[in-house]
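*Asks:* Sending over a structure as structure tokens; questions will come in a sec.
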Amino acid sequence: MPEGLRSPTVFTPKTVSEAISIKLRNQSARYWAGGTYIMSRPDFYPNPNQRDIISLSGIQDLSRIYHADRYLEAGAMVTIQQLLTMGSFIFSKELYNAISCIGSSVVRSQATIGGSLCTSDMRFTMSCLLATLNAQAEIRLISRSAPSRWIPVAKLYDRKGNYLYADNSLLTRIRIPTDNTTQSTFISRTLDSPMLNPDESVLFGLQYSINQGNMTSPSLCIALPGSCFYMSQDFDNLLSSISFPISRDKAQRISRRLASELKASVRPNTGQLQIERAVRLLESVLGDINMNYLAG
């Protein structure tokens with residue numbers, strides 16, 4: 001082995017409590033889910049600062065899927081493909097298609113929900129989809145009592161897209177709403193590959209309803225994978241002011257507002273191209289909703 005390098009110690013806990021206990025004793029160790037993102041990083045190996053690994057693959061509780069009346073609950077170690085299989089008769093067509101477009105079949109069979117949500121500074125499609133749908137995540141704090149709490153997926157990140165709970169908690173489960181009694185429409189768009197071209201890719205999610213020509217209960221999420229995770233109640237309120245058919249002037253005012261807010265949210269030196277693509281995506285989606293309303 002080259003001088004200065006070391007092989008990481010791999011811990012294999014069988015319970016969540018054991019995984020938290022190991023982390024308490026080895027603060028620098030990191031939790032390891034599917035490993036699809038970590039192993040793809042250029043500095044993963046060889047690396048003289050290689051961190052020890054706490055593998056979550058042996059914790060059965062994290063690989064369970066449960067369907068209740070109004071939500072689907074999945075453990076953090078459930079793969080994207082397993083989520084698709086379980087959700088094929090539960091998810092809307094739009095959500096199912098959005099998830100099925102994530103990576104290749106090989107990637108979906110290995111990448112886990114927890115891994116896709118918990119990368120430290122890079123946001124992927126699953127984060128955007130689940131935040132748009134107001135999915136909830138359970139996190140267990142790294143402490144001797146290991147209390148748990150449920151928080152919206154959208155609250156896992158700051159405006160720059162950084163994961164806020166990297167070293168002080170373990171994400172264990174998510175709950176995805178599946179209540180089909182509401183007449184909500186879900187739209188998802190992905191431009192370019194967030195994995196291969198994070199500096200050019202744009203992730204877009206919008207959920208809304210139309211009631212007597214008015215947009216109601218909108219939830220918009222836009223992620224620029226390496227620089228921004230944008231959700232805003234104020235902007236959702238602005239979308240709620242839309243009455244269809246929407247005027248060109250109204251659509252342009254909304255687009256300019258989005259451009260301004262994204263510029264204020266992104267990391268420094270983020271390319272203008274991504275912001276422009278996000279704005280054009282919103283304009284295109286509003287145009288499609290307008291056309292569908294007129295065709296009514």
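*Asks:* What FRET efficiency would be calculated for the residue pair residue 291, residue 55, taking the C-beta separation as r and a Förster radius of 41 Å, to the nearest 0.05? Before the final figure, lay out the partial values.
*Replies:* Details: r = 50 Å, r/R0 = 1.21.
Approximately 0.25, to the nearest 0.05.
*Asks:* State the Kirkwood hydrodynamic radius of segment 231-295 in Å, one decimal place, computed from all pairs of distinct Cα atoms. Walk me through the numbers on the way to the answer.
*Replies:* On the way: mean 1/r = 0.0792 Å⁻¹.
Roughly 12.6 Å, rounded to one decimal.
*Asks:* Identify which of 108, 248, 51 has the largest mean-square fluctuation in a Gaussian network model of the chain, with springs joining Cα atoms closer than 10 Å.
*Replies:* Most flexible of the set in this elastic network: 248.
*Asks:* Moving on to the next point. Say we join alpha carbon atoms closer than 10 Å with springs in a Gaussian network model of the chain; which of 198, 152, 268 then has the biggest fluctuation?
*Replies:* Result for the chain, Cα springs under 10 Å: 268 fluctuates most.
*Asks:* Provide Rg and Dmax in Å for segment 60-177, with only Cα atoms included in the calculation.
*Replies:* 13.6, 43
*Asks:* Right, something else. Can you work out the base-10 log of I(q)/I(0) for the chain at q = 0.15 1/Å, using the Debye formula on its C-alpha atoms alone?
*Replies:* Values, matching the q order: -1.19.
*Asks:* Can you figure out the FRET efficiency of residue 12 with residue 162, using R₀ = 35 Å and their beta-carbon distance, to the nearest 0.05?
*Replies:* Numbers: r = 29 Å, r/R0 = 0.82.
About 0.75, to the nearest 0.05.
*Asks:* Let me ask you something else. Mind running the shape call on segment 152-294? Use the C-alpha gyration tensor, a ≥ b ≥ c as the square roots of the eigenvalues: rounded below 1.5 for a/c, prolate if a/b tops b/c, oblate otherwise.
*Replies:* On the way: a/c = 1.99, a/b = 1.29, b/c = 1.55.
Cα axes put segment 152-294 in the oblate bin.
*Asks:* Longest segment of the chain with no chymotrypsin sites (Phe, Trp or Tyr not before Pro) in a DSSP loop having at most 15 other Cβ atoms within 10 Å?
*Replies:* Numbers: sites that count: 44, 89.
By the stated rule (loop sites, at most 15 other Cβ atoms within 10 Å), 90-296.
*Asks:* Return the distance in nm (one decimal) between the two label points of a simple spin-label model at residue 259 and residue 144, each offset 7 Å from Cα along Cα→Cβ.
*Replies:* 5.7
*Asks:* Given a 10 angstrom Cα cut-off, can you work out which residue in 112, 12, 190 is the most mobile in a GNM of the chain?
*Replies:* Among 112, 12, 190, the largest GNM mean-square fluctuation belongs to 12.
*Asks:* Taking H as built 1.01 Å from N, whose amide H comes closer than 5 Å to the amide H of residue 31, not counting residues under 5 places away?
*Replies:* Sorted by chain and number, the residues that satisfy this are 54.
*Asks:* What residues have an amide H closer than 5 Å to that of residue 242, excluding those fewer than 5 places away on the same chain, when H is modeled at 1.01 Å from N in the peptide plane?
*Replies:* 215
*Asks:* Quick one: Karplus J couplings for segment 254-263, per residue in order, coefficients 6.51, -1.76, 1.60, θ = phi - 60°, nearest Hz, x for Gly and Pro?
*Replies:* Once θ is set to phi - 60°, the couplings for segment 254-263 become 5, 5, 5, 5, 5, 4, 5, 6, 5, 4 Hz.
*Asks:* A further question on this structure: Modelled label-to-label distance, residue 92 and residue 241, 7 Å Cα→beta-carbon offset: nm?
*Replies:* 2.5
*Asks:* So what are the ³J(HN,Hα) numbers for segment 125-141, from phi and the Karplus equation (6.51, -1.76, 1.60; θ = phi - 60°), rounded to whole Hz, Gly and Pro as x?
*Replies:* Each residue of segment 125-141 in turn: 4, 4, 4, 5, 4, 5, 5, 4, 7, 6, 5, 10, 10, 9, 10, 10, 6 Hz.
*Asks:* Based on the alpha-carbon gyration tensor of segment 110-229 and its eigenvalue square roots a ≥ b ≥ c, which shape applies: rounded if a/c is under 1.5, prolate if not and a/b is larger than b/c, or oblate?
*Replies:* On the way: a/c = 2.28, a/b = 1.28, b/c = 1.79.
Oblate shape, in that a/c is at least 1.5 and b/c is the bigger or equal ratio.
*Asks:* Taking amide H atoms as placed 1.01 Å from N in the peptide plane, list the residues 5 or more away in sequence, or in a different chain, whose amide H sits under 5 Å from that of residue 210.
*Replies:* Answer set, sorted by chain and number: 216.
*Asks:* State the answer as a single residue: which of 247, 264, 190 lies farthest towards the positive end of the charge dipole of segment 185-295, with beta carbon charges of +1 for Lys and Arg and -1 for Asp and Glu, about the Cα centre.
*Replies:* The residue sitting most towards the positive pole is 247.
Values quoted throughout were computed directly from the atomic coordinates according to the rules given, and no laboratory measurement underlies them. These figures come from a predicted structure and were not determined experimentally. Ideal geometry is used to build each Cβ from the backbone, glycine not excepted, and the neighbour counts take in all protein chains shown.
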